[in-house]
Amino acid sequence: MFRRTAFAALAAVAALALAGCGDDTPAASSPSNSTSALSGTVNVFAAASLTGTFTQLGKDFEAAHSGVKVTFNFAGSSALAQQINSGAPADVFASAAPKNMDDVTDKGTPTNFVKNTLEIAVPKGNPGKITGIKDFADKDKKIAICAAQVPCGAAAAKVFTAVGITPQPDSLEQDVKAALTKVSLGEVDAALVYKTDVLSAKDKVEGIEFPESSKAVNEYPIATLTKAPNPDGAKAFVDYVLSDKGKAVLTAAGFDAP
Amino acid sequence: MSRRSRSTSGRLPLVLLLPALLGLAFLLVPLVGLLIKAPWSTLPGRLFSADVWQALRLSLVCATAATVLCLLLGVPLAWLLARGGLPGRSVIRAFVTVPLVLPPVVGGVALLLVLGRRGLVGQHLDTWFGISLPFTTAGVIVAEAFVAMPFLVISVEGALRAADPRYEEAAATLGAGRWLTFRRVTLPSIAPGVVAGTVLCWARALGEFGATITFAGNFPGRTTTMPLAVYLALETDPDVAVVLSLVLLLVSVVVLASLRERWIGGLR
């Protein structure tokens, strides 16, 4: 029985793949075709900035594939890369930076699936009267940016070089969410975070866009891992993220298409 | 001393020996791992870089200042708990020990909500005196003291409870005032407990990470203590993180070992 369903599913996937030749749509973008072949748990290691969207995608994916469970490990991309290289049982890795994806030794073929752009976050009402990126060089304003070691800090550094200013931060935060927290509590006048972070805290912070943000766009790659305990589930989940439904969830949260 | 310890270990049931050794290995092997993984060939160069020295110096200064703050506030608090005859003392003691079990990040958030620029107390400090604690070295000291003070209070309170109150009564009948009695009789009799608590408090302050990075942020030379430097180094250069960890480990072990031997070991 199982073999027959598995064969049927394989045939369906093969047929779809053939039909999909010369077309950008991933094979499993219509989930109903592979439902019966999937089982078990899919362990997804994803960058902390994907927490909201991937939790949503996981629920949708489980709803589309009964019998499959998606579990997430959200953390900084470099920490996740280290865990995977140390043998953590991961099926899928979604990184906030290509560098961290490159660090993983047993990755499949990564695909860039979204982009994230920096934006200035200020507390509601903009008490520090921040007008643009140049205010980050003002000693009298309280400013938080990410430390240069973490991806958002590296992106911030690119922006400051492009604008030609030396920032005067009061704190170099260890991740983007920590920088966002300092803004939403009103402890700093401004922080440089991602557009998605501003949207996620929109009742407490306001976003100010600036043209130079295009100089430091962050690409997010996703890949199935070659040592995945559940390779079929891994592939189906990645396909789901790349599908139109997945894209809709991601763009609604402020991510841009790659 | 050594004769006594041998006689007690002789009476140790063998059933306990195996788990005891496993426990010891569990605590020591990670530290050995640090030693093995350390990049010994490039270690001196990394060790004597300005950044490491800056972070280490800041760590030592802040931990010491936090410990002084804890002594000034914690010893009287311990006295109040042990001798004050407070109503609801067990509840108060529970609250005093909460920072011990609270995730340090939660402690940092709580401090921000009270002492931050928009905090309950912090907003008045800011508008009236122009004092703002987050992102300052003083903020680091406050965060470390918040997390470390329970260690001191518990140690000192335990010592106070174990001390014989009759000496204080005798001093009082001889005409000594309360303050004089506390300084000349109570304090010397609990000195070992105070030293033990001070050492623990200092060591805890030195290793503090969560509350510090949440409340005081991270800026080199001002708020970047060793634990923060270790965490950030892990993001880019794990070798540097190992080196920094080794330094922190060495400092902690040297201080804990030397002070314990000299003060507590001798007095007990």
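Among B:Leu102, B:Leu112, which is within 14 Å of chain A (Cβ to nearest Cβ) and either open to solvent by less than 50 Å² (accessible area, probe 1.4 Å) or over 30 Å from B:Pro188 (Cα atoms) (or both)?
B:Leu112
Please list, ordered by first then second residue, the pairs with beta carbon atoms under 7 Å, 6 or more apart or interchain, first in segment A:88-101 and without any contact (Cβ under 8 Å) to a residue 60 or more places away in the chain, second assigned to a helix (DSSP H, G or I).
Close Cβ pairs satisfying both conditions: A:Asn100/A:Ser77; A:Asn100/A:Ser78; A:Asn100/A:Ala81.
Which of the residues spanning segment B:118-135 are open to solvent by 50 Å² or more (accessible area, probe 1.4 Å), outside any helix (DSSP H, G or I) and within 13 Å of another protein chain (Cβ to nearest Cβ)?
B:Arg118, B:Leu120, B:Gly130
Among the residues of segment B:182-225, what is the count of those that are of a type in the set (Ser, Thr, Tyr) and facing another protein chain (nearest Cβ under 10 Å)?
Initially, segment B:182-225 is screened for residues of a type in the set (Ser, Thr, Tyr), giving B:186, B:189, B:198, B:212, B:214, B:223-225.
Those still in the list that are facing another protein chain (nearest Cβ under 10 Å) too: B:214, B:223-224.
Final tally of qualifying residues: 3.
Within the set of pairs 6 or more residues apart or between chains, which connect a residue that is more than 25 Å from A:Lys99 (Cβ to Cβ) and free of Cβ contacts under 8 Å to residues at least 60 places away in the same chain inside segment A:50-79 to a residue that is assigned to a strand (DSSP E or B) and of a type in the set (Ser, Thr, Tyr) with Cβ atoms less than 8 Å apart?
A:Lys69/A:Thr41; A:Thr71/A:Thr41
Criterion first (at pLDDT 85 or above, in a helix (DSSP H, G or I) and closer than 23 Å to B:Ala138 by Cα) does B:Thr223 satisfy it?
no
Hey, can you tell me all the residues within segment A:183-194 that are buried (at least 21 other Cβ atoms within 10 Å of the Cβ) and not charged (D, E, K, R)?
A:Val183, A:Gly186, A:Val188, A:Ala190, A:Ala191, A:Leu192, A:Val193, A:Tyr194
If we only count strands (runs of 3 or more DSSP E) wholly inside segment A:8-127, which ones have 3 or more residues that are closer than 30 Å to A:Asp203 by Cα and modelled with pLDDT of 90 or more?
In segment A:8-127, the matching strands (runs of 3 or more DSSP E) lie at A:40-47, A:68-75, A:111-116, A:118-123.
Out of everything in segment A:195-234 that is open to solvent by 10 Å² or more (accessible area, probe 1.4 Å) and part of a strand (DSSP E or B), what residue ends up being farthest from the other protein chains (Cβ to nearest Cβ)?
Out of the qualifying residues, it is A:Thr224.
Within segment A:139-154, can you find the residues that are over 14 Å from B:Phe135 (Cα atoms) and either surrounded by fewer than 24 Cβ atoms within 10 Å (Cβ to Cβ) or of a type in the set (Ser, Thr, Tyr) (or both)?
Hits for segment A:139-154 are A:Ala148, A:Gln149, A:Gly153, A:Ala154.
The values are calculated or read from the model by the stated rules, or taken from the named source; none is laboratory data. Not measured: the values here are computed from a predicted model. Don't worry about glycine lacking a Cβ; one is built from the backbone with ideal geometry, like all the others, and counts go over all protein chains shown. All accessible areas refer to the heavy atoms of the entire protein, side chains included, with ligands and DNA or RNA removed. Shrake-Rupley method; radii C 1.70, N 1.55, O 1.52, S 1.80 Å.
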